[in-house]
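Below is one structure, written out as structure tokens, with a few remarks after it.
What follows draws every value from the coordinates through simple rules; no lab data is involved. Every value quoted in this text rests on a predicted model; they were computed, and no experiment measured them. Neighbour counts are summed over all protein chains in view; Cβ atoms, including those assigned to glycine, are modelled from backbone coordinates with ideal geometry.
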2 protein chains.
Amino acid sequence: MTSEGRPGLTYRAAGVDVDAKARLLDRLGAAVTSTHSPAVALGAGAFAGAIGLPAGTGFLVATTDGVGTKALLARRWGRDAVVGADVVAHAANDLVCSGGRPLAFLDYVAMARLDAAVVATLVEAMAEACGAVGAVLLGGETAEMPDVYTGDAYDVVGTMIGVAPPDGLITGATVRPGDRIVGLASTGLHTNGYSLARRVVDQAGIDPDAPDPRLGTTAADALLQPHRCYAPAMLSLLERVRVAAIAHITGGGLPSNLARVLPEGCRGRLAGVWPRPPVFDWLQRVGGIADDEMRQTFNLGVGMALIVRRRDEATVLEHFARAALAAFPIGEVVEGPRGVDGP
Amino acid sequence: MTSEGRPGLTYRAAGVDVDAKARLLDRLGAAVTSTHSPAVALGAGAFAGAIGLPAGTGFLVATTDGVGTKALLARRWGRDAVVGADVVAHAANDLVCSGGRPLAFLDYVAMARLDAAVVATLVEAMAEACGAVGAVLLGGETAEMPDVYTGDAYDVVGTMIGVAPPDGLITGATVRPGDRIVGLASTGLHTNGYSLARRVVDQAGIDPDAPDPRLGTTAADALLQPHRCYAPAMLSLLERVRVAAIAHITGGGLPSNLARVLPEGCRGRLAGVWPRPPVFDWLQRVGGIADDEMRQTFNLGVGMALIVRRRDEATVLEHFARAALAAFPIGEVVEGPRGVDGP
């Protein structure tokens, strides 16, 4: 709603003093234009951004999401940049689940009183993360809403828009019994389970910067690992191998997210084992959390899962190994009512 | 971040009780699918929605924005539906400024504790407004963040994605001296100036439901008029007339938003008069607001302005008259430094 346009910039920030605003807009402008390609036809100052579509585009693919309350921990511990990177990584991961190739990203940042340093840190991190997935930062909005947001908390929302060729959508419809399930390693909580994690942190009175041998690092480092972005490695795999389904393991954990991409009559059977980042055992022990709640809240080490034909499994594992991304055979598809069992 | 998927639904709501959640998801699902066309390839339950692109698409056009603090008044006075309609209308208006034709909309709704009735009201209003501009509601996210949002306030963010043919972008680059400026009537504040309007309401102790002869209606009716959506009438005009520039008059008022679409060397000279909805004089008198602040805060009766060749002006005025949308000749483009003068 703030719309004091600035020639050459779609970012608009009201309510900060004029000098601070000019400096902020300079930083945002530099971050945004650093992501731009010659395909960008309208970005700067336009009411809506525009970008040329690549040849061979059949489908527009899009997803919108926030960052949730991981932002509160990042704010408290002075690590806002991770939130900017996360909102892009999360959206890019969702996009590739449908076969979308990132093209353009739009963001929204709101807080009670805009903190120019925080906004700039967020947008710079988003721009860097956009560059890593080949998306341009096509537009954004910054809103100051004193009676809507508390204290110095902010919300960050991102929309990733991508494209897929006419035969390039991944819907899960071709999944069939006998297919193999491959899991990709997560870096930690990614952006899910932070209401529970914050409760554990608050109740246990954690010192975020004290090294903890059970974590092999500090609580701040372990809990604020960036959400891993699987998009580049997954997109290059899609050029080599036909993938039947991809699930981004977000809130609700592995079984419930994997079930979302299964067709009727197909059941996932998780049997493999994979390394669990120490932060999960640490949270479970410190917080006294039951196994079931752990499984239904956290990714527990698998941040993305894909379903491929049995004959392709070795190629898939080798592909991710070469991309330095740990991949594990974690199960198979069997006949049965739609759902996921174990482990 | 909430991602408890539901087969057949991209809307995901955590934190409400299971029965209430199922009922909410049913309402959201019905609203969302009511907007869907056969072009929708992935919506329900997918990590990212997908829609087929119309033939002849050259550019993807996109914009993201919130609703600002109009939502606080709507919340207080129990009129949440207007916020759902507004977020779509605002985004569609921004999109047509660049020549974009609405294709798909994605929303984000967040509050401290999800109120199922409020969320359903918002999404149903968004779905209806999407239908009116020909966009499908392709995806959405609902987030519950108790330590980020205050009381029962919510934020609503919308992203409109559209398409334009290879020669269909409107950039303002072809504006030249001698062109005419046409203004389109607003319904009131639209979604801008609500921080100031709320201050006036609070200081004057307004009864929102008492008829006020100066308004010709109640304060609630006058202040919560829906943001007019110009997209359908504007898109049909674009099929008849070459339009050089379009400006959506949002925060900052007419002069500053019009200046955004002028090229260097072109100056807008506003000379016409147009009817001012009574709510503006009412706010100015009740709040004792200076003329300059009024001009820099509110649209003052013109919600969208377009720039056309002199020879097309009569056609444009007649087009909007037939669309039952009041249009006024409000000025012309002259040679001079980029900017806007008067009235």
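At 10 °C and 1.306 mPa s, grab the translational diffusion coefficient of the range B:52-114 from Stokes-Einstein with a Kirkwood Rh over Cα pairs, rounded to a whole number in µm² per second. Mind dumping the intermediate values first?
Working: Rh = 13.5 Å.
Value of D from the Cα-based Kirkwood radius: 117 µm²/s.
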Worksheet item: Most fluctuating residue of B:Val241, B:Val67, B:Val333 in a GNM of chain B with Cα springs under 10 Å: which is it?
Response: B:Val241
Worksheet item: Net charge near A:Val61, counting Lys/Arg +1 and Asp/Glu -1 over other residues with Cβ under 15 Å of its Cβ?
Response: -2
Response to the item:
At R0 = 35 Å the Cβ-Cβ FRET efficiency linking A:Ala173 and A:Ala210, nearest 0.05, sits at 0.10
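Taking neighbour counts of Cβ atoms within 10 Å as a proxy for exposure, in what order, fewest first, do A:Phe280, A:Phe105 appear?
Starting with the residue having the fewest Cβ neighbours, the order is A:Phe280, A:Phe105.
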Worksheet item: So for chain A: antiparallel DSSP bridges make up what percent, rounded to the nearest 5?
Response: 80 percent
Worksheet, complete the sentence: Ranked on Cβ counts within 10 Å of their own Cβ, fewest leading, B:Leu258, B:Leu196 go B:Leu196, B:Leu258
Worksheet entry | Computed E for A:Asp19/A:Glu264 - FRET, C-beta separation, R0 51 angstrom, nearest 0.05 | 0.25
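Quick check for me: using +1 on Lys/Arg Cβ and -1 on Asp/Glu Cβ, what's the dipole size of the range A:180-341 about its Cα centre, in debye to the nearest 20?
Numbers: 18 positive and 17 negative charges, 115 e Å.
Dipole size: approximately 560 debye.
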Worksheet item: Looking only at B:Thr191, B:Thr217, B:Thr159, which one moves most when chain B is put into a Gaussian network model with springs between Cα atoms under 10 Å?
Response: B:Thr217
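Just rank A:Asp202, A:Asp212, fewest to most, by other beta-carbon atoms within 10 angstrom. Kindly include the intermediate steps, with their values, before the conclusion.
Working: A:Asp202 9, A:Asp212 18.
With the sparsest Cβ surroundings first, the list reads A:Asp202, A:Asp212.
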Discussion item. Could you tell me which residue out of A:Ala327, A:Val243, A:Gly272 lies farthest along the dipole of the range A:180-341 toward its positive end? Charges go on the beta carbon: Lys and Arg +1, Asp and Glu -1, centred on the Cα centre.
Written reply: A:Val243
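Report the FRET efficiency, 1/(1 + (r/R0)^6), for B:Ala117 and B:Glu335, where r is their Cβ-Cβ distance and R0 is 41 Å, rounded to 0.05.
Details: r = 56 Å, r/R0 = 1.37.
Computed FRET efficiency for B:Ala117 and B:Glu335: 0.15.
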Worksheet entry | Overall dimensions of the range A:180-341 as given by Cα atoms, namely Rg and Dmax in Å | 16.5, 50
Item to complete: Mind giving me the nanometre distance, one decimal, between the label points for A:Glu293 and B:Ser34, set 7 Å out from Cα along Cα→Cβ?
Response: 3.9 nm
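In square nanometres and to one decimal, what's the mean projected area of the convex hull around the Cα atoms of the protein assembly as shown?
28.8 nm²
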Discussion item. Once you place label points 7 Å from the Cα toward the Cβ at B:Ser236 and A:Arg240, how far apart are they in nm?
Written reply: 5.5 nm
Worksheet item: Between the range B:298-343 and the range B:218-250, what is the C-alpha centre distance in whole Å?
Response: 12 Å
Worksheet item: Could you give the alpha-carbon Rg of chain A over 2.2 N^0.38 Å, rounded to two decimals?
Response: 1.03
Response to the item:
Phi-derived 3J(HN,Hα) across the range A:304-314 with the Karplus relation (6.51, -1.76, 1.60, θ = phi - 60°), rounded Hz, x for Gly and Pro, is 8, 10, 9, 10, 9, 5, 3, 5, 8, 4, 5
Worksheet item: GNM on chain B, C-alpha springs below 10 Å: top fluctuator among B:Pro275, B:Pro38, B:Pro102?
Response: B:Pro38
Item to complete: Bin all alpha-carbon pair distances of the range B:282-343 at 10 Å intervals from 0 and give each bin's fraction as a whole percent.
Response: 16, 39, 31, 14, 0
Worksheet item: Where does the Debye-calculated log10 I(q)/I(0) of the range A:72-173 sit at q = 0.11, 0.15 Å⁻¹, using only Cα point scatterers of equal weight, no solvent?
Response: -0.37, -0.62
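So what is the orientation-averaged projected area of the range A:150-259, using the convex hull of its C-alpha atoms, in nm²?
On the way: hull surface 41.6 nm².
Mean projected area for the range A:150-259: 10.4 nm², to one decimal.
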Item to complete: Evaluate the charge dipole of chain A about its Cα centre and quote only its size in Debye, nearest 20, assuming +1 on the Cβ of each Lys and Arg and -1 on the Cβ of each Asp and Glu.
Response: 860 debye
